[in-house]
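Participant: Please read through the structure below; I'll follow up with questions.
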Amino acid sequence: MKTKAIPKKPAKKKARALQQTPKQKLYASLVVQLRSLLNGEHDLIANAANFSALLFNSLPNVNWAGFYFLREDELVLGPFQGNPACVRIPMGKGVCGVAAQQCETIIVPNVHEFPGHIACDVASNSEIVVPLFDGERLLGVLDLDSPSIGRFDDQDAEGLNELVTVFVAHEEGLGI
Ligand code: SME
């Protein structure tokens, strides 16, 4: 009788891939692309610029994607894609300042309902801000805006957190 060897690992991989939503698949592919962009390069500005360009050009319905880095006690604009933005955001102000102060990812379905939201682009209607940490130390935030109400959900939060973890691990020791 002919027998057929069943390759265990690929089958498991396939099963896991099938369970992923399209958005999770997109983020999984962005992790691979980000690792490839970072590979061999340790210039923070270059890497943050490429990271923001990757997000801006790969994620649908996004009109701003970029960084604010913590400088002393305020957030200062870093590499980004989108319209020119406000340069300095005090801790606790706007979505970015609140996310930085509370050290947590904030999803804002409608920015017009967020008290103290700082409008950099009138086209923005929803926003997600993900803090960047080196261990316990806050380095800054990644900020994404969308013209669509309710654009960002928990899968975006999870995917973006994984991406910033890859980014920070790569930049570790550069003194962001
Ligand atoms: N909306 C942000 C300000 C930064 S821009 O969106 C690029 C905030 O409220 O913190």
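Every number here is computed from the coordinates shown, using simple stated rules; none is lab data. Since the model is a prediction, treat every value here as computed from it, not as a measurement. Neighbour counts are summed over all protein chains in view; Cβ atoms, including those assigned to glycine, are modelled from backbone coordinates with ideal geometry.
Participant: Within 16 Å of the ligand (Cβ to nearest atom) and surrounded by 16 or more Cβ atoms within 10 Å (Cβ to Cβ) - does that describe any residue in the range 20-30?
Facilitator: no
Participant: Further question on the same structure: Considering Asn50, Asn57, Asn61, Asn83, which residue is polar (S, T, N, Q) and on the phi > 0 side of the Ramachandran plot?
Facilitator: Asn61
Participant: Pick out, from the range 59-154, the strands (runs of 3 or more DSSP E) lying fully within it that include 3 or more residues that are within 10 Å of the ligand (Cβ to nearest atom).
Facilitator: Counting at least 3 such residues, we get 64-71, 74-82, 137-146.
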